[in-house]
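Accompanying notes for the structure given below.
The values are calculated or read from the model by the stated rules, or taken from the named source; none is laboratory data. What you are looking at is a predicted structure, and each value in this text was computed from that prediction instead of being measured. Note that we place each Cβ from the backbone using ideal geometry, even for glycine, and neighbour counts take in every protein chain shown.
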Amino acid sequence: MKRRLTPKTIDALPPAVNKRYEVHDKLLPGLHLRVSATGGKVFYVSKRINGHMKRIKIGSWPILTLHEARDKAHSLLRSIELGRYVEKAPHEEEQRMMTLGEVVPQFIELYAKQRTKDWKGSERVLLKFSSLFSRPIDQIKRADVVRVLDTIIAGGAPTRANRALAAIKKLMNWCIDRGMIETSPVAHLKPPTKETARERVLSDAELNTCWRMAELEGFPFAQCVQLMILTGQRRGEVSGMRWSELDLEQGLWSLPSTRVKNSTAHIVPLAPSAVEIIRSVPRFQNTDFVFTTTGTTPISGFGRLKERLDAAFADAEDWRFHDLRRTMATNMAMLRVAPHIIEAVLNHKTGIVSGVAAIYNRHAYLDEKREALELWANRVEEITGQRSALVPKLREASVVQNSA
């Protein structure tokens, strides 16, 4: 961690838990304080000397004051820069530089997990650099990273190369903050691929095919895909749906901020057909997941599902599950739904409102969102010719139960 060291902050630093930790001085780069599990605090200077990172002990706090430590550190750093520093074994400790393979797990645990919901995605994309995992972090060159990116592009995943570059940039910047390296080898390296916003919208015939093919899958993919179509919400949000988020009597699905991409809580009004589809889902005991086959995790396997669905699309243009959101939005616009209501349904941040006003709007647009989603559900019914086969079966069961 980095802080502007003061006597007060040093005194307040707690003993380390298990492993010792370091606090780097913002005022004098290179100076840091090591705190042990016993509460001992020792000043050190880290600096590259003759191509190797060296850690030089300055003295212990509070025997050595902060002012004295900074003076001594400044003197050492100056002598190193001028080439006058002579290494003295009793006062130095060579720091073994960690390899990239050792740094990645630390980066994921201490940085990515704390700051992003998709930390597993970051972990996966960093595996693209596995050929460099045995290399000390300070010996990774710009050309090494570029070669990895070129390999990803050659494999037919240019966008993935951009994601890989973004991930390794964050990791290198994190290493700088922790004093592992002084400069990033990928600083100012531009994304290798120019990305263009997708514009794919499924035609009525394609949407009908998607609905029908999903229906043939049965539980759990049939209901999951049909709800993606009817609600326009993201695949992960639908597949990870919880029973505790649902109020089927009121026809509401309340997504907490921890479950959405933009960290903004979202209320999705459910059209009657969506409610009926959810009611048709078999409920597992002792689990809150709506779509699960294990009871402990939400469903997965969407890659294989997509391959099966694609078999019915013949020579159609490439499509993704995320395109279902754009398809719904486009159709809503054709149905004359106001743009800001479409944005509200999609839970997009427009930047127009914030704070209390944003919370107010989230609730104030409920009626408008419900009307828009019901218009869209009616349109889906027209496109597919009839509602999901799951719905009539549910109605029949309801009639039998009521007559009994």
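Table for the structure above
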| read-out | value |
| --- | --- |
| Qualifying residue in the stretch 157-175 (condition: under 20 Å from the mean Cα position of the chain (by Cα) and assigned to a loop (DSSP other than H, G, I, E, B)) | yes |
| P136 touching a strand residue (DSSP E or B) at 6+ places or on another chain (Cβ under 9 Å) and either under 20 Å from R55 (Cα atoms) or not hydrophobic (A, V, I, L, M, F, W, C) (or both) | yes |
| I168 being in the same structural domain as R259 (by TED's automatic domain parsing) and in contact (Cβ under 8 Å) with a residue 12 or more places away in the chain | no |
| Residue list for the stretch 167-190, filter: more than 17 Å from V45 (Cβ to Cβ), among the β-branched types (V, I, T) and surrounded by 15 or more Cβ atoms within 10 Å (Cβ to Cβ) | I168, V186 |
| Checklist (1) more than 30 Å from A312 (Cα to Cα); (2) in contact with a strand residue (DSSP E or B) (Cβ under 7 Å, 6 or more places away or on another chain) applied to Q233, failing item | (1) |
| Given (1) in contact with a Leu (Cβ under 9 Å, 6 or more places away or on another chain); (2) within 30 Å of T151 (Cβ to Cβ); (3) surrounded by fewer than 20 Cβ atoms within 10 Å (Cβ to Cβ), number of the condition E217 does not satisfy | (2) |
| Subset of the stretch 125-156 (residues that are among the polar types (S, T, N, Q) and assigned to a helix (DSSP H, G or I)) | S130, S131, Q139, T151 |
| Single condition K190 does not satisfy, out of (1) modelled with pLDDT of 90 or more; (2) in contact with a helix residue (DSSP H, G or I) (Cβ under 6 Å, 6 or more places away or on another chain) | (2) |
| Residue check, S122 assigned to a helix (DSSP H, G or I), surrounded by fewer than 16 Cβ atoms within 10 Å (Cβ to Cβ) and touching a residue at least 24 places away in the same chain (Cβ under 8 Å) | no |
| Filtered residues of the stretch 191-210 (kept if surrounded by 12 or more Cβ atoms within 10 Å (Cβ to Cβ) and either under 22 Å from the mean Cα position of the chain (by Cα) or farther than 15 Å from D310 by Cβ (or both)) | P191, P192, T193, R198, V201, S203, D204, N208 |
| Residue list for the stretch 302-340, restricted to those being free of Cβ contacts under 8 Å to residues at least 60 places away in the same chain, in contact with a Phe, Trp or Tyr (Cβ under 9 Å, 6 or more places away or on another chain) and closer than 17 Å to V238 by Cα | K306 |
| Condition broken by E195, with the remaining ones in (1) over 30 Å from K141 (Cβ atoms); (2) outside the structural domain of W319 (by TED's automatic domain parsing); (3) among the charged types (D, E, K, R) satisfied | (1) |
| Selection within the stretch 305-340 - more than 26 Å from the chain's Cα centre (by Cα) and among the aliphatic types (A, V, I, L, M) | L309, A311, A312, A314, A316, M332, A333, M334, L335, V337, A338 |
| Whichever residue in the stretch 24-49 is β-branched (V, I, T) and touching a helix residue (DSSP H, G or I) at 6+ places or on another chain (Cβ under 8 Å) and, among such residues, is farthest from D138 (Cα to Cα) | V45 |
| Helices (runs of 4 or more DSSP H) fully within the stretch 4-117 counting 2 or more residues that are surrounded by 13 or more Cβ atoms within 10 Å (Cβ to Cβ) and free of Cβ contacts under 8 Å to residues at least 40 places away in the same chain | 66-81, 100-107 |
